[in-house]
Structures are given as C-alpha cells and as structure tokens.
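Peer 1: Sending over a structure as structure tokens; questions will come in a sec.
The values are calculated or read from the model by the stated rules, or taken from the named source; none is laboratory data. Computed from a predicted model, the values in this text were never measured in an experiment. Positions of Cβ are backbone-derived with ideal geometry, glycine not excepted, and every protein chain shown enters the neighbour counts. Areas reflect the complete protein model, heavy atoms only, side chains present, ligands, DNA and RNA absent. Shrake-Rupley method; radii C 1.70, N 1.55, O 1.52, S 1.80 Å.
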Protein chains: 2
Amino acid sequence: MTILALTGGVGGAKLCLGLARVLAPEEVVFVVNTGDDFEHLGFHISPDVDTLTYTLADAANPVAGWGRQGETWHFTEALEELGGETWFRLGDKDLALHVRRRELLAAGQSLTGATAQIAQGLGVSHRILPMSDDPVRTLVHTRDGPLAFQHYFVRDRCAPEVTGFDFHGAASASVNPAIPFEQVTGVVICPSNPFVSVDPVLAVPGMREGIRHSGAPVVAVSPIVGGAAIKGPTAKMMQELGVPATTVEVAKHYAQFVTGFVIDAVDADAEGEVQALGLATTVTQTVMRSLDDRIDLARAVLAFLDGGAQAGLKS
Amino acid sequence: MTILALTGGVGGAKLCLGLARVLAPEEVVFVVNTGDDFEHLGFHISPDVDTLTYTLADAANPVAGWGRQGETWHFTEALEELGGETWFRLGDKDLALHVRRRELLAAGQSLTGATAQIAQGLGVSHRILPMSDDPVRTLVHTRDGPLAFQHYFVRDRCAPEVTGFDFHGAASASVNPAIPFEQVTGVVICPSNPFVSVDPVLAVPGMREGIRHSGAPVVAVSPIVGGAAIKGPTAKMMQELGVPATTVEVAKHYAQFVTGFVIDAVDADAEGEVQALGLATTVTQTVMRSLDDRIDLARAVLAFLDGGAQAGLKS
C-alpha cells in the first residue's frame with residue numbers, strides 16, 4: 001500500500017507526523033505545496049517543505065509553527081544592524097538548512113534531491129516530495145492589489161482582504177516525477193488551507209490526473225472546525241471570498257475531486273449536507289493537540305480510506 | 001595629509017586601530033590584503049577585510065583574533081548535522097555580514113563598495129579599501145604540495161612546511177582605483193606577515209608604482225620581535241624558507257621598498273644592521289597589548305614618517 005498525503009504548512013504537517021508514526025517509509029509519500037516558496041537573501045525558502053521536514057524530524061518549533069526548536073536569532077539581529085531585510089526572519093540553525101540547500105541546488109540537484117538529502121541529515125526516513133521541481137508561485141489578489149504570498153502572509157500578516165489567487169508557473173510546471181501514482185492506494189488531503197496550500201498542489205498539471213488514474217479513494221480532512229480555522233487565515237479568506245466559513249463549504253470546494261470527507265465531531269450535524277454532495281463521510285476528533293491526537297486522526301483517516309471512502313468512489 | 005596603511009590580519013589591524021584613533025577618516029586609508037579571500041558555502045570570505053572592519057568597529061573577537069565578539073555557533077553546529085563543510089567556521093553574527101556582502105555583490109557592487117556599506121552599517125567611518133576588486137588568491141607551496149591559503153592556514157593549521165608562495169590573479173589584477181596615491185604623504189606597512197599579508201598587496205600591479213610616485217616615505221613595522229612572531233606563522237615560515245626569524249631579515253625583505261624601519265625595543269641591538277641596509281630606523285615598543293599600546297605605536301610611526309624616515313627617502 002502507498003498512501004499519498006497532500007499537505008501544506010503546520011496543520012497538514014501535524015497529520016503527516018501522525019501518518020509517519022503509523023506507516024512505514026515505503027507506505028506513505030508526502031506531497032508538499034511549494035507555492036509559498038520564494039527567494040530571500042539569496043536563499044531558496046520553502047516554508048511548507050521545511051515545516052514538514054522539521055516536524056517529521058521532531059525539530060519543529062511547536063510555538064511559532066515554523067522554524068526550529070530552540071532557535072536563536074543572532075544572525076537576524078546582526079543583519080538588521082547591517083541594513084539587511086529582516087521582515088522574514090531566519091533563525092541561526094534554520095540558516096544551516098538554507099545554506100546547505102543553496103549548495104545542493106547550485107551543485108545541480110533538484111529541489112526534490114536537496115530536500116531528500118537534508119531530510120536524511122535530520123534523520124527523516126519518510127519521503128517528502130515537493131509538488132514540483134519547477135517554480136510555482138502563489139499570488140494573492142487583494143483589495144490593495146496583488147501580493148506575493150510571503151508578502152501577504154508574513155510581511156502583511158494576512159491583513160489585506162483577499163479577492164482571489166493565481167499560481168504563477170503552475171501551467172508550465174511538471175508534477176514531481178518521483179510521485180508513484182501507479183502504486184497509490186489512498187490519497188489524503190491534509191487539513192491545510194484549501195486556497196493557498198492544497199489548490200496549488202492540485203494546480204500542477206498531472207497531479208489530479210495521476211491521482212484519478214490511480215483509482216484510489218481520496219479523502220479530505222476539514223481545516224474548518226466549528227466555523228473557525230484551527231490555525232491560519234482559512235476562515236478569514238472564506239469570509240472575504242463571500243463564502244461561509246463552514247466545513248460544508250470546504251467539502252463543496254473539494255467535492256468534484258474527493259470521494260470522502262472527514263468532519264470534526266463538533267460539526268457532526270453537517271454530515272447530511274456533506275453526504276448530499278455525493279461524498280462518503282466520517283466524523284471524528286480532528287483537532288490535534290497531542291502526538292496521540294495526530295496518531296489517532298491518522299488511524300481514523302486510514303480506516304476511512306479502507307472502508308467508507310471506497311463507497312464514495314466515482315465510477 | 002593622507003597616510004596609506006598596508007595591512008593584513010590581526011597584527012596589522014591592531015596598528016590600524018591605533019591609527020584610526022589618532023587620525024581623522026580623511027587622513028588615513030587602510031589598504032587590505034585580499035589574497036586570503038575565498039569562496040565558501042556560496043559566500044565571499046574576506047578574512048583580512050573583515051578582521052579590520054570588526055576591529056575598527058570595536059566588534060572583533062579579542063581572543064580568537066578573527067570573527068566577532070560574543071559570537072555564537074548555532075549555524076555551524078546545525079550545518080554539521082546536515083553534512084555541510086565546517087572546517088571554516090562562520091559565527092551566527094558573522095553570517096549576517098556574509099549574507100549582506102553576497103547580496104551587495106550580487107546587486108553589482110564591487111568588493112570595495114560592499115566593504116564600505118558594511119563598514120558604515122557597523123559605524124566605521126574610516127576608509128577600508130581592498131587592495132584590488134579583482135580576485136587575487138594566495139597559493140602556499142609546501143613540501144606536501146600547493147595549498148589554497150585557507151586550507152594551509154585554517155584547515156591544516158599552518159602545519160605543512162612552506163617552500164614559497166604564488167599570488168594567483170595578481171598579474172592581471174588592477175590596483176584599487178579608490179586609493180588616492182597622489183595625496184599620500186606617508187605609507188605604513190603594518191606588522192603583518194610579510195609573505196602572505198603584505199607581499200600580495202605589493203604584488204598588485206600599480207601598488208608599488210603608485211606609492212613610489214607619491215614620493216612619500218614608507219615605513220615598515222617589524223612583525224618579528226625578539227626572534228618570534230607576535231601571532232601567526234611568520235617566524236615558522238622564515239625558518240622553513242631557510243631565513244633566520246629576525247627583525248633584520250624582515251628589514252632585508254622590505255629594504256628595496258621602504259625608507260624606514262620600526263624596530264622593537266627588545267631588538268634595539270639590531271638597529272645598526274638595519275641602518276646598514278640604507279634604512280632610517282626608530283626603536284620603540286611595538287608589542288600592542290592594550291588600546292594605549294596601539295595608539296602609542298601609531299603616534300611613534302607617524303612621528304617617524306614626519307622625521308627620521310624622510311632622511312631615508314631614496315632619491
């Protein structure tokens with residue numbers, strides 16, 4: 001069996017950690033959004049890839065939700081003194097990853113190759129695959145005009161009101177050739193932001209097709225619980241796009257692509273509406289506070305893929 | 001008046017700090033060896049330029065003799081974990097300088113321009129000029145074969161027995177056009193290593209000529225005191241080259257170029273031999289332990305340039 005997990009940042013990485021604890025390295029492949037990637041200070045920054053790498057290495061910063069545990073900031077402080085850009089902070093340890101990645105990329109390695117080598121250095125044995133080795137850059141359209149993703153997300157702290165999204169480069173990008181679609185027995189869309197974490201992954205030509213041709217059930221875990229996002233701007237974006245911030249709306253967003261939908265217990269009353277979309281459903285506790293929560297949700301999702309979600313398979 | 005001070009690493013930087021404390025920014029120009037420069041981890045490393053910059057900024061590490069005060073090493077530790085090269089250690093704060101310099105160079109600035117901007121950021125108002133903006137790389141010939149300077153100096157800790165030196169690129173390098181030769185009223189060769197700190201500076205076409213044409217007196221401060229080097233491999237190199245490690249031999253090394261020679265009080269008995277080489281001499285305390293020592297030596301050197309060293313001027 002090979003499970004494909006499509007993921008973005010922190011929320012998705014939590015479920016991926018659960019999956020990595022219950023599945024062997026050969027049983028799961030993590031396909032990560034790179035729409036957030038950008039060049040900064042001469043480094044290739046890949047926030048979602050790094051968040052997952054640090055999370056699986058048990059080296060992630062549990063408070064910030066990005067960067068490394070026990071991080072220090074002497075580099076950024078000194079850079080500020082020298083008049084460098086510091087709106088996007090790089091920790092002293094995190095810099096080592098970025099210097100190493102630049103070396104590997106400069107030596108001709110793909111982002112996939114560099115990611116694998118860095119993950120190995122951190123003791124991660126599960127496969128972390130960028131959605132593509134080609135640049136795809138998420139552009140956030142706002143009432144204040146278009147913003148590069150990190151300008152919207154980090155520099156402007158998601159304040160501007162969003163009106164839509166573009167994934168520059170997606171049309172001409174190639175899906176990561178290392179994704180073993182033909183072996184895939186189940187697909188999990190992690191509880192990441194549908195608009196800026198999952199949609200960029202699905203926008204890469206060949207991604208949807210590869211998953212469809214695998215014939216495997218596809219289940220999405222709602223990032224919206226009780227009308228709010230666990231983390232990040234998902235709910236705010238939905239409201240700004242004129243859509244109620246509900247799990248049902250997330251289900252509608254994915255309805256044409258997924259066969260099953262995982263609803264949090266607090267949204268149990270939405271199950272009928274989601275089923276009315278033609279999706280199989282399962283209701284469980286999806287808020288992941290502890291490692292056990294992550295493992296429990298991973299088990300529930302895998303059980304759903306083996307059982308109910310099969311029923312939802314589009315013929 | 002404009003004093004030109006030719007300098008290398010730590011020893012030279014000490015005298016430069018003294019000169020910077022007694023001379024206004026418009027009265028002195030520091031011309032720095034870049035033969036030690038190399039590319040490492042994708043950064044342009046310029047050890048002597050940085051040692052002087054940090055020294056004049058009062059930010060140098062007084063113990064190590066390189067890098068910054070109160071430095072931390074989280075980057076290097078994390079890089080080691082990722083399998084990166086760590087024989088040449090970059091501190092977390094020092095990295096900020098290197099990231100900033102790469103940005104400035106990538107934006108098309110010369111090493112001179114980048115150096116000036118970084119120095120300004122650190123509050124240094126005196127002029128620090130790399131000997132050239134073109135790459136010159138010191139090659140150390142040893143009984144074990146030729147070694148790039150930093151491999152000899154840092155990686156191999158000066159252990160291999162030296163047989164000679166080459167300054168790759170020197171022949172085709174242009175002397176830094178910002179050096180105001182026509183205004184120079186005195187030249188100081190700081191107590192740096194004659195072979196790998198000062199000779200590379202003098203090997204840049206136009207450097208000796210520019211100084212000669214200025215007609216200014218040129219004085220060298222002996223880096224050898226009492227038969228030993230205050231710091232670094234100067235004495236060891238002289239022995240390996242079959243030359244006694246004495247202040248007289250250093251005077252011979254510079255005799256064709258300098259008009260005056262500064263001898264340490266402990267080598268006072270060598271004064272006659274140095275004068276026999278046709279050089280004016282002055283005897284003073286040259287070992288710089290305190291800031292006052294640095295200032296006192298700077299004053300003694302300037303007085304020598306104004307007085308006795310004039311007498312030594314070659315006609």
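Peer 1: Whose amide H sits under 5 Å from the amide H of A:THR163, counting only residues 5 or more places off or on another chain, with H placed in the peptide plane?
Peer 2: Those lying under 5 Å, H to H, from A:THR163 are A:HIS141, A:THR142, A:ARG143.
Peer 1: Across the protein assembly as shown, how large is the tail of the calculated P(r) beyond 50 Å, expressed as a percent of all Cα pairs? Walk me through the numbers before you get to the answer.
Peer 2: Details: 61511 of 198135 pairs.
Here the tail beyond 50 Å accounts for 31 percent of pairs.
Peer 1: Sticking with this one: Name the residues whose placed amide hydrogens come within less than 5 Å of the amide hydrogen of B:THR72, ignoring near sequence neighbours (fewer than 5 apart) on the same chain.
Peer 2: Amide H to amide H, under 5 Å and 5 or more residues apart or across chains, B:THR72 pairs with B:ASP92, B:LYS93.
Peer 1: Cut-off 10 angstrom, C-alpha nodes, Gaussian network model of chain A. Which of A:ASP264, A:ASP292, A:ASP133 fluctuates the most?
Peer 2: A:ASP292
Peer 1: Moving on. Would you mind calculating the gained length between A:ALA303 and A:ASP156 on full extension (0.36 nm times residue separation, minus the Cα-Cα distance), in nm to one decimal? Walk me through the numbers before you get to the answer.
Peer 2: Values: separation 147, 0.36 × 147 = 52.92 nm, distance 4.03 nm.
Length difference between fully extended and current span is 48.9 nm.
Peer 1: Quick one: dipole size for the stretch A:1-114, taken about the Cα centre, charges +1 on Lys/Arg Cβ and -1 on Asp/Glu Cβ, in debye to the nearest 20. Could the numbers behind the result be given before it?
Peer 2: Working: 8 positive and 16 negative charges, 68 e Å.
Dipole about the Cα centre, nearest 20: 320 debye.
Peer 1: Have a look at B:ALA114, A:VAL274, A:SER290 and report the one farthest towards the positive end of the charge dipole of the protein assembly as shown, computed about the Cα centre with Cβ charges (Lys/Arg +1, Asp/Glu -1).
Peer 2: Towards the positive end, the residue furthest out is B:ALA114.
Peer 1: While we're here: List, in order, the whole-Hz ³J(HN,Hα) value for each residue of the stretch B:10-27 obtained from phi through the Karplus relation with A = 6.51, B = -1.76, C = 1.60 and θ = phi - 60°; use x for Gly and Pro.
Peer 2: 4, x, x, 5, 4, 5, 4, 4, x, 4, 5, 7, 10, 10, 6, x, 7, 9
Peer 1: While we're on this one: Label position 7 Å from Cα toward Cβ: report the copy-to-copy distances for A:VAL22 in nm, one decimal, ordered from shortest.
Peer 2: Sorted ascending, the copy-to-copy spacings read 7.7 nm.
Peer 1: Counting only DSSP beta bridges with both residues in chain A, what percent are antiparallel, rounded to the nearest 5? Before the final figure, lay out the partial values.
Peer 2: Details: 17 of 42 bridges.
Counting only bridges with both partners in chain A, antiparallel ones make up about 40 percent.
Peer 1: Just subtract the alpha-carbon distance of A:PHE257 and A:ALA107 from 0.36 nm times their residue separation and send over the number in nm, one decimal. Write down the numbers at each step before the final one.
Peer 2: Details: separation 150, 0.36 × 150 = 54.00 nm, distance 3.83 nm.
Computed gain between A:PHE257 and A:ALA107 is 50.2 nm.
Peer 1: I'd like the Kirkwood hydrodynamic radius of the stretch B:168-284, using the inverse of the mean 1/r over distinct C-alpha pairs, in Å. Working shown, then result.
Peer 2: Values: mean 1/r = 0.0674 Å⁻¹.
For the stretch B:168-284, inverting the mean 1/r across all distinct Cα pairs yields 14.8 Å.
Peer 1: Give, in nm to one decimal, the length gained when the segment between A:GLN69 and A:ASP144 is fully stretched (0.36 nm per residue of separation minus the Cα-Cα distance). Mind showing how you got there, number by number?
Peer 2: Details: separation 75, 0.36 × 75 = 27.00 nm, distance 3.50 nm.
Full extension of this stretch gives 23.5 nm more.
Peer 1: Taking only the Cα atoms of the stretch B:108-176, how large is their convex hull per residue, in Å³? All intermediate terms of the calculation are to be shown ahead of the outcome.
Peer 2: On the way: hull volume 8.5 nm³, N = 69.
Hull volume over Cα atoms, normalised by residue count, gives 123 Å³.
Peer 1: Now for a separate question. B:PRO205 label points, 7 Å along Cα→Cβ, one per copy: pairwise distances from this copy to the rest in nm, shortest first?
Peer 2: With the label placed 7 Å along Cα→Cβ, B:PRO205 yields 5.3 nm.
Peer 1: Next question. Work from the charge dipole of the protein assembly as shown (Cβ charges, +1 for Lys and Arg, -1 for Asp and Glu, about the Cα centre) and give the residue of A:GLY169, A:LEU302, A:LEU105 farthest towards its positive end.
Peer 2: Positive-most Cα among the choices belongs to A:GLY169.
Peer 1: While we're looking at this one, here's another question. Sort B:ASP92, A:ASP134 by heavy-atom solvent-accessible area, probe 1.4 angstrom, most to least. Write out the running numbers ahead of the final one.
Peer 2: On the way: B:ASP92 0, A:ASP134 55 Å².
Ranked list, largest accessible area first: A:ASP134, B:ASP92.
Peer 1: A follow-up question, please. Give, to the nearest whole percent, the P(r) tail of the stretch B:235-315 beyond 14 angstrom, counting all Cα pairs. All intermediate terms of the calculation are to be shown ahead of the outcome.
Peer 2: Working: 2063 of 3240 pairs.
Within the stretch B:235-315, distances greater than 14 Å cover 64 percent of Cα pairs.
Peer 1: While we're here: Inter-copy label distances at A:SER172, 7 Å along the Cα→beta-carbon direction, one decimal in nm, shortest first?
Peer 2: 3.5
Peer 1: Step through the residues of the stretch A:160-171 one at a time and calculate ³J(HN,Hα) from phi using the Karplus curve (6.51 cos²θ - 1.76 cosθ + 1.60, θ = phi - 60°), rounding each to whole Hz and writing x for Gly and Pro.
Peer 2: So the Karplus estimates, Gly and Pro as x, are x, 7, 7, 10, x, 9, 10, 10, 4, x, 4, 4 Hz.
Peer 1: Right, another one. From the phi of every residue in the stretch A:207-217, what ³J(HN,Hα) in whole Hz does the Karplus formula 6.51 cos²θ - 1.76 cosθ + 1.60 yield, where θ is phi - 60° and glycine or proline is x?
Peer 2: Running phi through 6.51 cos²θ - 1.76 cosθ + 1.60 with θ = phi - 60° gives 6, 4, 4, x, 5, 4, 5, 5, x, 7, x Hz.
Peer 1: While we're looking at this one, here's another question. Exposed loop trypsin sites (Lys or Arg not before Pro) only (DSSP loop, at most 16 other Cβ atoms within 10 Å): please give the longest stretch of chain B free of them, not including the sites. Walk me through the intermediate numbers first.
Peer 2: Numbers: sites that count: B:ARG143, B:ARG157, B:LYS231, B:ARG289, B:LYS314.
Segment B:1-142 is the longest.
Peer 1: Sort A:HIS213, B:HIS168 from largest to smallest accessible area, using a 1.4 Å probe on the heavy atoms of the protein chains.
Peer 2: Listed by decreasing accessible area, they come as A:HIS213, B:HIS168.
Peer 1: Taking a ≥ b ≥ c as the square roots of the Cα gyration tensor eigenvalues, with a/c under 1.5 meaning rounded and otherwise prolate when a/b beats b/c, else oblate, which class fits the stretch B:148-201? Working shown, then result.
Peer 2: Details: a/c = 3.05, a/b = 1.91, b/c = 1.59.
Prolate shape, in that a/c is at least 1.5 and a/b is the bigger ratio.
Peer 1: I need the Debye-formula profile for the stretch B:98-228: one equal scatterer per C-alpha, no solvent, reported as log10 I(q)/I(0) at q = 0.14 1/Å, two decimals.
Peer 2: Reported log10 I(q)/I(0), two decimals: -0.81.
Peer 1: Ok, one more. Any idea how far the Cα center of the stretch B:39-116 sits from the one of the stretch A:1-75, in Å?
Peer 2: Their Cα centres are 29 Å away from one another.
Peer 1: Just how much of A:LEU241 is accessible, in Å², when a 1.4 Å probe is used and the result is rounded to the nearest 10?
Peer 2: The accessible area comes out at roughly 60 Å².
Peer 1: Something else now. Using the basic label-point model (7 angstrom from Cα toward the beta carbon), what is the B:ALA276 to B:GLN183 distance in nanometres?
Peer 2: 4.2 nm
Peer 1: For chain B, calculate the relative contact order in percent as a whole number, restricting contacts to Cα pairs under 8 Å that are 6 or more residues apart. Can you show the working numbers first?
Peer 2: Values: 633 pairs, mean separation 61.4, N = 315.
Contact order relative to length: 20 percent.
Peer 1: Still on this structure, please answer the following. What size of dipole, in debye to the nearest 20, comes out for the protein assembly as shown about its Cα centre when the only charges are +1 on Lys and Arg C-beta atoms and -1 on Asp and Glu C-beta atoms?
Peer 2: Details: 44 positive and 72 negative charges, 30 e Å.
In total the dipole reaches around 140 debye.
Peer 1: Pairs of alpha-carbon atoms within less than 8 angstrom and 6+ residues apart define the contacts here; what relative contact order does the stretch B:102-207 have, in percent?
Peer 2: On the way: 121 pairs, mean separation 27.0, N = 106.
Computed over the stretch B:102-207, the figure is 25 percent.
Peer 1: If I take every Cα pair under 8 Å that is 6 or more residues apart in the stretch A:265-312, average their sequence separation and divide by the length, what percent do I get for the relative contact order?
Peer 2: Details: 29 pairs, mean separation 18.4, N = 48.
About 38 percent, as a whole number.
Peer 1: Now for a separate question. Among bridges DSSP assigns within the protein assembly as shown, what percent are antiparallel (round to 5)? Please report the intermediate quantities before stating the final value.
Peer 2: Working: 34 of 84 bridges.
Bridges in the protein assembly as shown that DSSP calls antiparallel: roughly 40 percent.
Peer 1: Further question: Let me check I've understood the local charge: for A:ILE179, count other residues with C-beta under 15 angstrom from its C-beta, Lys and Arg +1, Asp and Glu -1. What total comes out?
Peer 2: Values: positive: A:ARG127, A:ARG208, A:ARG212; negative: A:GLU26, A:GLU27, A:ASP133, A:ASP134, A:GLU182, A:GLU209.
Overall, the nearby charge balance is -3.
Peer 1: Moving on to the next point. Please report the residue of chain A with the smallest beta-carbon distance to the A-to-B rotation axis, and give that distance in Å, no decimals.
Peer 2: Chain A residue with minimal Cβ-axis distance: A:ASP92, 2.
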